[in-house]
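These notes are about the structure you will find just below.
Read the figures in this text as sums done on the coordinates, not as results from a lab. Please read these numbers as outputs of a predicted model, since none were measured by experiment. Counting neighbours? That spans all protein chains shown, and the Cβs are built from the backbone with ideal geometry, glycine included.
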Amino acid sequence: MRKYNIPIFIPHEGCPHDCLFCNQRKITGIDSSVTPNDAKCRIAEYLSTVKSYECEIEIAYFGGSFTGLDIGLQREFLKAAASFDDPRITGIRMSTRPDYIDTEILDMCAEYNVTAIELGVQTTSDNVLELNKRGHCFDDVKTASKLIKDYNISLGLQMMLGMYGSDPETDLKTCDDIISLSPSCTRIYPTIVLSGTELETLYNSGKYTPYTIEAAAGIAAECLERFRENNIDVIRIGLYSSDDLRSDGNIIAGPFHPAFGEIAENMVYRRKIEKTIIAQGIKDCELKIPAKPSEVSKIIGQKRCNKIYFKQKYGVDIKIVQMS
Ligand code: SF4
């Protein structure tokens with residue numbers, strides 16, 4: 001069954017925080033307020049474009065901290081989403097902060113068939129959370145995660161790589177801590193320096209150095225493997241590449257790439273092949289790799305980067321043997 005998602009971005013609404021890295025209006029790609037009526041129009045418009053009846057459609061409130069909105073406004077948005085009598089709609093999902101979850105909110109979510117809540121965990125290091133002015137701690141994540149699961153709502157946990165004060169070890173610890181909370185899904189976002197943020201000031205003064213694309217993709221690949229080993233669905237790697245995000249002068253520095261997820265996937269295969277090369281002491285020869293058609297481009301890598309990597313580092317020529 002094909003799955004669709006109707007994303008409705010609600011920028012910065014309800015969020016009194018100013019995390020170092022956040023310029024929410026830029027991330028969502030929308031610069032004006034969204035009303036429940038706008039949401040209704042967007043849903044109706046989207047539904048009219050999906051001709052098939054053999055599909056599942058989820059309405060997704062993303063972009064800010066949905067449950068930080070005024071409770072009456074939250075209800076209006078939920079009502080707008082729930083007002084469609086379309087059997088293809090399977091539920092509502094939303095993203096929010098870990099400290100904006102309580103039983104009053106979850107009662108209302110249950111009333112309107114909210115099926116998934118994603119929490120912006122970002123990191124599980126309390127020190128990094130404080131340095132980035134997140135205004136919550138890891139205990140808030142644990143409490144909210146348990147509550148969401150108690151309501152039988154699917155749990156999603158989002159993490160960031162390379163935040164101010166973090167390092168690869170801390171990022172991987174975050175990944176392991178997230179696994180310990182058994183979410184259904186995760187999203188992995190590398191930290192990017194955006195114009196107008198406090199992170200930009202830190203970057204300009206030399207106090208913050210973002211990861212390179214290569215480094216961020218390597219850590220994302222390691223996280224990806226760990227999540228997959230634990231049957232946790234990774235539904236996004238990298239920021240959405242909206243025109244606004246990529247507008248002139250907006251991205252100051254950091255590992256932004258429109259195909260970041262693909263690069264991380266390539267890295268997963270690079271790491272696997274490299275383990276074999278090292279374990280078997282393979283050097284200066286041809287290495288035949290059996291692969292399904294869907295794996296070929298991931299093994300070769302973007303712009304043949306994996307092929308080039310193995311040739312340059314080990315003198316190994318990767319040859320794909322296609323399996324049906
Ligand atoms: S809580 Fe979310 S929306 Fe608010 S400033 Fe932080 S990252 Fe941005």
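For the chain, the longest principal axis of the C-alpha atoms and the axis of helix 71-82 are separated by about 70°. Converting the Cα gyration tensor eigenvalues of the chain into ellipsoid dimensions via √(5λ) gives semi-axes, longest first, of 36, 24, 19 Å. Ordered by the count of other Cβ atoms within 10 Å of each Cβ, fewest first, CYS41, CYS185, CYS109, CYS285 give CYS285, CYS41, CYS185, CYS109.
One decimal place: the segment LYS288-SER242 gains 12.7 nm when fully extended, by the rule 0.36 nm per residue minus the C-alpha distance.
Suppose a student asked you for the relative contact order of the chain, using Cα pairs under 8 Å spaced at least 6 residues apart; what percent would you report?
Contact order relative to length: 14 percent.
For LYS283, the lysines whose Cα comes closer than 24 Å to its Cα, not counting residues fewer than 8 places off in the same chain, are LYS272, LYS275, LYS298, LYS303, LYS307, LYS311, LYS313, LYS319. If the segment from ASN250 to THR201 were pulled out straight at 0.36 nm per residue, it would be longer than the present Cα-Cα gap by 16.3 nm. Exposure proxy ranking for HIS257, HIS17, based on other Cβ atoms within 10 angstrom of each Cβ and starting from the fewest, stands as HIS17, HIS257. Candidates ALA217, ILE289, GLY68 compared by Cα position along the dipole of the chain: farthest toward the positive end lies ILE289, with charges placed on Cβ. Coupling constants for region 164-176 follow from the phi torsions by the Karplus curve (6.51 cos²θ - 1.76 cosθ + 1.60, θ = phi - 60°), and in residue order they are 4, x, 9, 8, x, 4, 5, 5, 5, 5, 4, 4, 5 Hz; glycine and proline get x. Relative to the longest principal axis of the C-alpha atoms of the chain, give the angle of the C-alpha long axis of helix 36-49, reported between 0 and 90° and rounded to the nearest 10°. Roughly 50 degrees between the two axes. Only lysines eight or more places from LYS3 in sequence, or on another chain, were considered; those with a Cα closer than 21 Å are LYS40, LYS51. Close amide H partners of GLY238, meaning residues 5 or more places away or on another chain with modelled amide H under 5 Å apart, are ILE188, TYR189. Taking amide H positions as modeled 1.01 Å from N, with prolines and chain starts lacking one, the residues under 5 Å from ILE320 and 5 or more places away or on another chain are ILE289. With R₀ fixed at 56 Å, the C-beta to C-beta distance from MET108 to GLN312 puts the FRET efficiency at about 0.50.
For the chain, the mean residue ellipticity at 222 nm estimated from helices alone is -12000 deg cm²/dmol, where every DSSP H run of n ≥ 4 contributes -39500 (n - 2.57) and the total is divided by all residues, rounded to the nearest 500. Taking amide H atoms as placed 1.01 Å from N in the peptide plane, the amide H of ILE89 lies under 5 Å from those of ILE57, each 5 or more residues away in sequence or on another chain.
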